[in-house]
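Sending over a structure as structure tokens; questions will come in a sec.
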Amino acid sequence: MCAYRFHCTNGVDLIVDETGYVIGPESDLSDRAADVALEVLLRFPFTDLSAWLVTIQDGEGRQVEVLSFDELLDLACRHLRVLATFRHGDQEAHLLRA
């Protein structure tokens with residue numbers, strides 16, 4: 001298991017993940033990144049998501065993946081976890097804390 005940090009940025013603003021999240025070896029980083037993107041949207045309801053990204057860093061600070069909010073919201077739309085509902089274009093995403 002490894003701790004990863006999921007930072008969010010649009011190239012101007014930065015939301016820093018100060019605590020990180022422990023992910024098992026068989027877990028999908030993009031699932032957690034989608035949850036992070038949705039959590040950010042709960043706190044800061046942006047209207048233009050086109051520039052927003054989640055950058056994933058491993059425990060040693062190395063960047064392992066960069067995913068756009070658009071891509072992550074598309075992924076979240078395919079999951080059946082519901083707590084809050086977000087509309088993105090003509091798709092709808094739901095958030096559930098596991």
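For the range 40-63, enumerate the residues that are modelled with pLDDT under 85 and part of a helix (DSSP H, G or I).
41, 42, 43
What residue, among those in the range 3-27 that are surrounded by 11 or more Cβ atoms within 10 Å (Cβ to Cβ) and part of a loop (DSSP other than H, G, I, E, B), is modelled with the lowest pLDDT?
Among those residues, the one meeting the criterion is 27.
Does the range 33-59 hold any residues that are of a type in the set (Val, Ile, Thr) and in contact with a strand residue (DSSP E or B) (Cβ under 8 Å, 6 or more places away or on another chain), and which are they?
So the first thing to find is which residues in the range 33-59 are of a type in the set (Val, Ile, Thr), and the list is 36, 40, 47, 54-56.
Matches in the range 33-59: 36, 40, 54, 55, 56.
Restricting the range 64-98 to residues that are at pLDDT 85 or above and either in a loop (DSSP other than H, G, I, E, B) or among the acidic types (Asp, Glu) (or both), which is nearest to residue 25 (Cα to Cα)?
65
Please go through the range 33-72 and give me each residue that is within 14 Å of residue 15 (Cβ to Cβ) and of a type in the set (S, T, N, Q), ordered by number.
55, 57
Among the residues of the range 60-76, write down those that are in contact with a strand residue (DSSP E or B) (Cβ under 6 Å, 6 or more places away or on another chain) and farther than 9 Å from residue 34 by Cβ. Write out each step before concluding.
The initial filter retains those residues of the range 60-76 that are in contact with a strand residue (DSSP E or B) (Cβ under 6 Å, 6 or more places away or on another chain), namely 63-68, 73, 76.
Passing the criteria: 63, 64, 65, 66, 68.
The values are calculated or read from the model by the stated rules, or taken from the named source; none is laboratory data. Keep in mind that this is a model prediction, so the values were computed, not measured. Every residue, glycine among them, receives a Cβ derived from its backbone with ideal geometry; neighbour counts consider all protein chains shown.
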